[in-house]
Amino acid sequence: MKILFYGTASYDKDSFSRELPDYPGISVDFIETNLTPMTAALARGYDAVCAFVNADVHAMTLEILAGFGVKLVLMRCAGFDAVDVDMAKELGLKVTRVPAYSPEAIAEHAMALGLCANRRIHKGYIRVRENNFALDGLVGETLHGKTAGIIGTGRIGAALCRICKGFGMTVLGSDLYPNQKLVDEEHVVDEYVTYDELYARADFISLHAFLNEESYHMINDESIAKMKDGVIFVNTGRGGLVDTQALIRGVLSGKIGAAGLDVYEEENANVYQNRAGEVIDSITARLCSFPNVVMTSHQAFFTREALSEIARVTLDNAQHFARGEEFIPRSQVC
């Protein structure tokens, strides 16, 4: 099987190259170019392509890939957001993903963002570098004894529940499909509540819900108004879960006391790109100007362990497809 890897960064090449010796019969070519309708023709002669979350794998791209005989699209990310799944099925293309490569890594990053924004660590670091040791404007909140609200208690949300419980927090969960095991056996969720009750009671709110038509902009002016004054808000889920303008209004009003964001609506044009030499007029730049907001570039997953798991699961998917075997449980196929 020949696979063309699109949008390859140095760390992708390193992690996949380390695993490739365990997969005889699979050959890989890496290119930096991202997968779009304009670049899909580069896959001529390949059996499969591999792409990441910032690719454009919609109808036109899929039609071009199918026209050149590509049969498999390997997404080395957790979601199918970048893929027109219905069109892929119609064209007879198999699409796989890596749904749970490192829930702990993402949960740890979510807590790190919350801590950094709350305690203004990013601002304190810059001050000390400039020999400014003043503490004005850096005061935060102690998390011990406070209430955490985790929206979405799948693998990532559950991992964050365990972290919050370790901080000595009361943990509220909100999920369309509550995991009662987290309450009865692990004792890391104190109770499941409605979204509205979570908004009203939580001092720290972290988003880990799936993005779909129902959850799009679930965090908006109305939901923010129901939150406690000064709430610490974190999003490592999907940018579309949050109405960015409403979030800005919440920060300006003081309703949101601190925000840590690894994902945001505007990110597709920027994510994993170096635009340091450009002047960008953007909502992202405005958010970054607030002293109580910390933003990272969709890096919550970014640990050595996660990269290794992504490589193994992706190559497992390719191998099983090539052999006509059933896909492994830790991958999800459409």
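Just to check your reading of the model, which residue among Ser206, Ser174, Ser223, Ser215 is out of contact with any Ser or Thr (no Cβ under 8 Å at 6 or more places or on another chain) and within 24 Å of Asn118 (Cβ to Cβ)? Spell out the reasoning first.
On the way: Ser206 fails: out of contact with any Ser or Thr (no Cβ under 8 Å at 6 or more places or on another chain); Ser174 fails: out of contact with any Ser or Thr (no Cβ under 8 Å at 6 or more places or on another chain); Ser215 fails: within 24 Å of Asn118 (Cβ to Cβ).
Within the list Ser206, Ser174, Ser223, Ser215, the selection yields Ser223.
I'm told Ile31 meets every condition in (1) crowded, with 19+ Cβ neighbours inside 10 Å; (2) without any contact (Cβ under 8 Å) to a residue 40 or more places away in the chain except one. Can you identify the failing condition by its number?
(1)
Spot the failing condition for Lys165; the list is (1) part of a loop (DSSP other than H, G, I, E, B); (2) closer than 21 Å to Val231 by Cβ, and only one is missed.
Status for Lys165: all satisfied but (1).
Filtering the range 101-139 down to residues that are within 24 Å of Cys77 (Cβ to Cβ) and hydrophobic (A, V, I, L, M, F, W, C), which residue is surrounded by the most Cβ atoms within 10 Å (Cβ to Cβ)?
Looking at the filtered set, the residue picked out is Ala110.
For the range 261-279, does any single residue satisfy the condition of being charged (D, E, K, R), closer than 26 Å to Phe167 by Cα, outside the structural domain of Thr8 (by TED's automatic domain parsing) and touching a residue at least 40 places away in the same chain (Cβ under 8 Å)?
So the first thing to find is which residues in the range 261-279 are charged (D, E, K, R), and the list is 262, 265-267, 275, 278.
In the following step, the residues that additionally are closer than 26 Å to Phe167 by Cα were identified as 262.
If we keep only those that are outside the structural domain of Thr8 (by TED's automatic domain parsing) as well, we get 262.
When the remaining residues are screened for being touching a residue at least 40 places away in the same chain (Cβ under 8 Å), the result is 262.
So far as the range 261-279 goes, yes, one or more of its residues are charged (D, E, K, R), closer than 26 Å to Phe167 by Cα, outside the structural domain of Thr8 (by TED's automatic domain parsing) and touching a residue at least 40 places away in the same chain (Cβ under 8 Å).
Working carefully through the options Val28, Val53, find the one that is of a type in the set (A, V, I, L, M), within 22 Å of Ser308 (Cα to Cα) and in a loop (DSSP other than H, G, I, E, B). It would help to see each step written out before you state the result.
Numbers: Val28 fails: in a loop (DSSP other than H, G, I, E, B).
Unique residue meeting the criteria: Val53.
Of everything in the range 58-80 that's part of a loop (DSSP other than H, G, I, E, B) and surrounded by fewer than 18 Cβ atoms within 10 Å (Cβ to Cβ), which residue is nearest to the chain's Cα centre (by Cα)? If you could, list the steps in order and put the result at the bottom.
Initial filter on the range 58-80 (part of a loop (DSSP other than H, G, I, E, B)): 58, 68-71, 76-80.
Now narrow it down to the ones that are surrounded by fewer than 18 Cβ atoms within 10 Å (Cβ to Cβ): 58, 68-69, 71, 79.
Values: His58: 20, Phe68: 31, Gly69: 31, Lys71: 27, Gly79: 9 Å.
It comes out as Gly79.
Within the range 253-272, is even one residue exposed (fewer than 14 other Cβ atoms within 10 Å of the Cβ), under 23 Å from Met227 (Cα atoms) and out of contact with any Pro (no Cβ under 8 Å at 6 or more places or on another chain)?
So far as the range 253-272 goes, yes, one or more of its residues are exposed (fewer than 14 other Cβ atoms within 10 Å of the Cβ), under 23 Å from Met227 (Cα atoms) and out of contact with any Pro (no Cβ under 8 Å at 6 or more places or on another chain).
Here are Glu90, Glu141: which of them is among the acidic types (Asp, Glu) and not in a loop (DSSP other than H, G, I, E, B)?
When all the criteria are applied, what remains is Glu90.
From the list Ala55, Ala88, which residue is under 27 Å from the mean Cα position of the chain (by Cα) and under 17 Å from Asp12 (Cα atoms)?
Working: Ala88 fails: under 17 Å from Asp12 (Cα atoms).
Step by step, each of Ala55, Ala88 is checked, and only Ala55 is under 27 Å from the mean Cα position of the chain (by Cα) and under 17 Å from Asp12 (Cα atoms).
Identify all residues within the range 93-128 that are in a loop (DSSP other than H, G, I, E, B) and closer than 24 Å to Glu305 by Cβ; write none if there are none.
Let us first name the residues in the range 93-128 that are in a loop (DSSP other than H, G, I, E, B), namely 93, 98-102, 120.
Val98, Pro99, Ala100, Tyr101, Ser102 - these are the residues of the range 93-128 that are in a loop (DSSP other than H, G, I, E, B) and closer than 24 Å to Glu305 by Cβ.
Considering only residues that are within 21 Å of the chain's Cα centre (by Cα), closer than 19 Å to Leu113 by Cβ and of a type outside the set (D, E, K, R), which ones fall in the range 226-245?
Result: Ile232, Phe233, Val234, Asn235, Thr236, Gly237, Gly239, Gly240, Leu241, Val242, Thr244.
In the range 145-159, is there at least one residue being surrounded by 12 or more Cβ atoms within 10 Å (Cβ to Cβ), assigned by TED's automatic domain parsing to the domain that holds Arg238 and more than 23 Å from the chain's Cα centre (by Cα)? First the steps, then the outcome.
Filtering the range 145-159 for residues surrounded by 12 or more Cβ atoms within 10 Å (Cβ to Cβ) gives 146-159.
Next, only the ones that are assigned by TED's automatic domain parsing to the domain that holds Arg238 stay: 146-159.
Imposing the further condition that a residue be more than 23 Å from the chain's Cα centre (by Cα) reduces the set to 146-147.
Checked against the condition, which is being surrounded by 12 or more Cβ atoms within 10 Å (Cβ to Cβ), assigned by TED's automatic domain parsing to the domain that holds Arg238 and more than 23 Å from the chain's Cα centre (by Cα), the range 145-159 yields at least one hit.
The values are calculated or read from the model by the stated rules, or taken from the named source; none is laboratory data. Everything quoted here is computed from the prediction, not taken from an experiment. Using ideal geometry, Cβ is built from the backbone for each residue, glycine included, and neighbour counts are taken over all protein chains shown.
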